[in-house]
Structure formats: structure tokens, C-alpha cells
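Take a look at the structure set out below.
Nothing in this text is a laboratory measurement; each read-out follows from the coordinates by a stated rule. Predicted, not measured: the structure shown is a model, and the values here were computed from it. Quick reminder, even Gly has a Cβ in these numbers, built from the backbone with ideal geometry, and neighbours come from all protein chains shown.
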Ligand SMILES: [Cu+2]
């Protein structure tokens, strides 16, 4: 009996002293570089005084731009958009507005569990700050937790009672700067004109070591008076290229299938290939696709028109939605 009591005393003291310091809302990756994409994984460590969390609100800090939340089963997403304090350089030109706050609601995260809430975006090259603060509010049945404290004049980060999640900003390295300038000057990257077909916003994603497939995304506009179809995809980095579509199979799982007859581009219309939807599939990758590089893709159409478009390789975490090719059945 005596032993049990002293053990309990020991442990509750330990919890009091060390518990709260590890129980703050935090980011899985607490550092990011300017001019790079960043996936913010916000970790919610506990509920409100023992109660389950049903809503998580995250304020997006100025300088984290082009933000998209990742959907979460069982939770409803609402975003609040607005103007940024300034216009920032982004992939295809200046970006002056975007998502400023995200709310995941209608969920149930018991106090005994932790969970992660994810948003991907881009760390603006222009920001001067050395840290960005993500203010997070958790709502429970009757209580709430507000992680909104930010160190300021004379207030040390360690003295904050409920600190906002902090992201330290490192400078982008020189190689990236070089790439960025080249990218900005070379207007032809990501776009091309093939007969009456305008290719816009083309890009591909970096691949993990050993990946056998890569995906390409772009928009095709047909300014001609006849429908055409994309039937051929060729690159020097893959054994072959295909056009794939995504659809739900009988068991409700999204699967991709090859469009054997090609992808029709209606006369005067356009088709968007994007993550989670129709895409170019580079099958049998001969080399790893590395962020910052470019790959040339030759597109061939039913009309006989063909031409090349240069795809910039974006980071592994680029874009959003159900775009992870590792779970596709190939
Ligand atoms: Cu595919």
C-alpha cells in the first residue's frame, strides 16, 4: 500500500513538471526554407481538459502561400480566403490572395488520442521573418484550447502558456535561387503551342527513390474547330507514357485506368489533368525525378499534331488531394 502511494506521488509530480512542455500543439517539421513548398503537419496532442476535440481551427501565417488543406475522413473542411499583405512570387506568376484560415469540424478526437491536421503550401521567398506562427484553436463540447501566444517584446518563447506552433525559416540555398531565376525567365517552361492546342501549367512531381512511375499534369485548350485527342506521351526518362483516368471501382476505391482511345479535347474546349484526376503516367521511370529539374514530354494527338512541352519537377509534397501514386495499382 505504502509503495503504491509513493509511486503515484512520484508519477503525478513528473507529469506536472514534464507533461505540459511536450503537450503543446506543434509542427511535425519545425523548419522550412524560403521559396520551397512546405507541408504543415499540425499535431494536436490532447483534448480540452479531458474532453474530445470536435473542431480544429488553424490561422495560416502571412508568408505561407498557396495553401490547401488535406481532407480528413470524418471531418468537414472550411477555408477562409483573403488578400495577403503583399503579392508573392509563385509558380506561374504573382499570388496576392489565398487561404488564410482552415477549420476542420464535426470530428471526434478523444483526449486519449493525438491526431494530425495537414495543409500544404509554399514559403514565400519575400518574407523577412525568421519564424512563422500557426495559431491553433481546438473546440470541445464545452471547453476550448487556444494555442495563440506568440513571443514578443521581452517575452521569451519558454514563458508562453499556450504557444502557437512555430515554424523556423531558413534561407533558400543558392542553387534554388539560381533555378528560380531561370524558371522566371524561361516562359516556355510548362507551356507550349501544338497546332491549335495550347498546353498550359504543365508540371510533374519529384519521385521517391526507387519509384517506377511518375505523373504529369497540365491543361490542354483546343482553339480549333474540330475535336482532337491526346493519344501519345513520350519522354526520355521513362520507358513509356500513357494517359490515365481516375474512377471509383465497385469497392469504392479510387483506381486509375489507361485511356486506350486517348483523351478527347473538344473543339473550343479544354481538359485539365490534375492530381486525383486525369493525368499523364510515365511508366518505367529510368531515373528519379528531382525537384528543381525539368523533363521534356512529347505529346502526340490524333490529328497528327505533336510537340514538346517542358515540365518543371515540383517537390514531393506539391499540390493536394488524392495524388499519391504509391497507392495506385500498377
Ligand atoms: Cu496513373
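Round to a whole angstrom and tell me the spacing of the C-alpha centers of region 59-100 and region 244-313.
26 Å
Starting from the coordinates of the alpha-carbon atoms of region 58-113, obtain the Kirkwood hydrodynamic radius over all distinct pairs and give the value in Å to one decimal.
12.8 Å
Determine the gain in length on full extension of the stretch residue 87-residue 62; use 0.36 nm per residue of separation and subtract their C-alpha separation, reporting nm with one decimal.
Gain on extension, residue 87 to residue 62, equals 7.9 nm.
Which order do the peptides 193-203, 284-294 come out in when sorted by mean C-beta neighbours inside 10 angstrom, highest first?
193-203, 284-294
If packing is taken as the average count of other Cβ atoms within 10 Å, what order do 77-85, 108-116 fall into, highest mean first?
Top to bottom by mean Cβ count within 10 Å: 108-116, 77-85.
Can you tell me how much longer the chain between residue 198 and residue 148 gets when fully stretched, taken as 0.36 nm per residue apart minus their C-alpha distance, in nm with one decimal?
Taking residue 198 through residue 148 to full extension adds about 13.3 nm, to one decimal.
Pop a pseudo-label 7 angstrom from the Cα along the beta-carbon direction at both residue 95 and residue 77 and give the gap in nm to one decimal.
1.4 nm
Under a point spin-label approximation (7 Å from Cα along Cα-to-Cβ), what is the residue 245-residue 43 distance to one decimal in nm?
Going by the 7 Å Cα→Cβ label model, 4.3 nm.
Take the Cα gyration tensor of region 24-175, multiply each eigenvalue by 5, square-root it, and list the three semi-axes largest first, rounded to whole angstrom.
27, 18, 13
Starting from the Cα of residue 141, move 7 Å in the Cα-to-Cβ direction to define the label point; list residues of region 74-110 whose amide nitrogen is under 14 Å from there.
108-110
Kindly state, to the nearest 0.05, the FRET efficiency for residue 157 paired with residue 52, given R0 = 35 Å and r defined as their beta-carbon distance.
0.75
Looking only at region 105-176, where both bridge partners belong to it, what percent of the DSSP beta bridges are antiparallel (to the nearest 5)?
In region 105-176, approximately 90 percent of DSSP beta bridges are antiparallel ones.
Run the numbers for residue 170 and residue 254: contour at 0.36 nm per residue of separation, minus the present Cα-Cα distance, in nm.
Gain on extension, residue 170 to residue 254, equals 26.5 nm.
Using only the alpha-carbon atoms of region 186-327 as identical scatterers, what base-10 log of I(q)/I(0) does the Debye formula give at q = 0.12, 0.18, 0.21 Å⁻¹?
Debye output, listed in q order: -0.45, -1.01, -1.35.
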